[in-house]
Amino acid sequence: MTTPEQVRSGLDEILVPHAVRSLTLMNLIRDITITDDEVKISLASTALDESSQNWITAKIKESLKGLHDIKNVDIAYSDAKPLDLNKINRIIAVMSGKGGVGKSLVSGLTAVALRRKGFEVGILDADITGPSIPKMFGITDRPGGNESGILPVTSKSGIEIMSINLLLPSEDEAVIWRGPLIGKAITQFWEEVLWGRLDYLIIDLPPGTADAPLTVMQSLPISGVIVVFTPQDLTAMIVRKAVKMAQQMDKHILGVVENMSYLYIRELDKKIELFGKSRAEEMAVAAKAPLLGKIPVDPDLAALCDDGHIEKYQSDFIDQIGEALASSDFAETSTGT
């Protein structure tokens with residue numbers, strides 16, 4: 001006799017249009033009931049327009065044809081809020097006290113590192129006025145969905161991404177908003193985007209310690225924070241403010257990352273500290289957190305980001321941060337059902 005597990009296994013192969021992730025990973029399967037020769041499947045209709053629902057229905061019936069003792073497949077859709085469907089195990093905020101230190105770069109590389117270790121990963125680009133995540137990943141598609149929810153765009157390696165740049169008429173369009181509107185947009189990306197089931201959600205914060213970072217810290221169940229900085233003394237001073245903000249808000253600092261730490265000259269086998277002596281160990285002590293890694297000034301990395309191919313980058317840092325975060329002692333903040 002057919003079991004619910006067999007039916008669910010068949011549904012695992014069906015991808016949600018636009019999201020390109022399975023019904024299971026998008027957490028849209030609400031119930032499976034088998035009575036005699038009939039199976040009833042209840043799905044959430046969140047972010048699925050009529051054509052998507054029809055396509056999924058047809059695919060499910062086709063997938064379950066091989067179950068010979070099932071004569072009828074009944075599929076029903078019901079309303080649900082994205083926030084009620086999302087199940088996210090760990091949320092990591094990437095922050096700094098000032099702009100230009102490479103938070104988006106670290107957010108992207110962190111997501112790539114975790115994805116390579118087999119985790120389900122998403123990136124919420126909370127830098128509303130300076131979004132750069134889609135460019136790094138070569139994403140230009142608009143998010144799917146409808147009035148019930150928004151579907152993030154999936155990268156080549158399977159990382160879910162949501163950014164204001166994906167909703168603008170063009171990537172060059174300026175977002176000229178005051179603080180409350182920016183905070184509202186970040187909240188909507190959290191509450192109205194169907195992230196589904198994720199092991200990690202990386203949040204690329206805007207610089208500073210004002211409205212937008214405060215909104216994230218107060219509104220989202222942050223599991224931990226990564227602090228990014230560069231070697232300059234001025235940067236280190238300002239970044240300490242971000243560290244104090246995280247500490248004052250009782251957010252666990254997972255580690256620190258020094259970007260633009262050095263330039264490696266292969267021909268000379270020499271590292272040159274372009275922006276002064278490394279402050280990595282000093283900042284780790286100030287943050288009372290481990291040093292996750294030092295990122296060099298790498299022309300190859302810059303070129304890959306410009307071309308939208310950050311997922312192709314290979315470096316020791318990616319291996320290090322993937323291992324470090326996978327073994328980190330998180331404050332577990334699993335959300336949803």
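The values are calculated or read from the model by the stated rules, or taken from the named source; none is laboratory data. Worth saying up front: this structure is predicted, and the values here are computed from it rather than measured. Neighbour counts are summed over all protein chains in view; Cβ atoms, including those assigned to glycine, are modelled from backbone coordinates with ideal geometry.
Here are a few things to note about the model shown:
- Sole exception among (1) free of Cβ contacts under 8 Å to residues at least 12 places away in the same chain; (2) closer than 30 Å to I318 by Cβ for K98, by number: (1)
- Check on D69, more than 17 Å from T24 (Cβ to Cβ), part of a strand (DSSP E or B) and among the acidic types (D, E): no
- Any hit, the stretch 57-77, residues being among the small types (G, A, S), under 14 Å from G145 (Cβ atoms) and at pLDDT below 95: no
- Residues of the stretch 118-142 classified as under 24 Å from D211 (Cβ atoms) and either in contact with a Leu (Cβ under 8 Å, 6 or more places away or on another chain) or surrounded by fewer than 20 Cβ atoms within 10 Å (Cβ to Cβ) (or both), total: 9
- Residues that are touching a residue at least 60 places away in the same chain (Cβ under 8 Å) and either among the acidic types (D, E) or over 14 Å from V101 (Cα atoms) (or both) do not occur anywhere in the stretch 256-275.
- Scanning the stretch 49-95 for residues that are in contact with a Leu (Cβ under 8 Å, 6 or more places away or on another chain), of a type in the set (G, A, S) and surrounded by 19 or more Cβ atoms within 10 Å (Cβ to Cβ) returns a single hit, A93.
- Single residue of the stretch 300-310 satisfying the filter (over 19 Å from I265 (Cβ atoms) and touching a Phe, Trp or Tyr at 6+ places or on another chain (Cβ under 7 Å)) that is surrounded by the most Cβ atoms within 10 Å (Cβ to Cβ): I310
- Single residue of the stretch 33-48 satisfying the filter (at pLDDT 95 or above and of a type in the set (A, V, I, L, M)) that is surrounded by the most Cβ atoms within 10 Å (Cβ to Cβ): A47
- Residues (under 17 Å from the mean Cα position of the chain (by Cα) and without any contact (Cβ under 8 Å) to a residue 40 or more places away in the chain) located in the stretch 182-219: T187, Q188, S219
- Residue in the stretch 30-43 that is more than 20 Å from W195 (Cβ to Cβ), assigned to a loop (DSSP other than H, G, I, E, B) and touching a strand residue (DSSP E or B) at 6+ places or on another chain (Cβ under 9 Å) present: yes
- Meets criteria (out of contact with any Lys or Arg (no Cβ under 8 Å at 6 or more places or on another chain), of a type in the set (D, E) and within 15 Å of I29 (Cα to Cα)) for D79: yes
- Taking the stretch 247-325 as the region of interest, the strands (runs of 3 or more DSSP E) fully inside it that hold 1 or more residues being within 25 Å of the chain's Cα centre (by Cα) and under 29 Å from P134 (Cβ atoms) are 253-258, 291-294.
- Test: V106 is crowded, with 16+ Cβ neighbours inside 10 Å, at pLDDT below 90, of a type outside the set (G, A, S) and out of contact with any Lys or Arg (no Cβ under 6 Å at 6 or more places or on another chain): no
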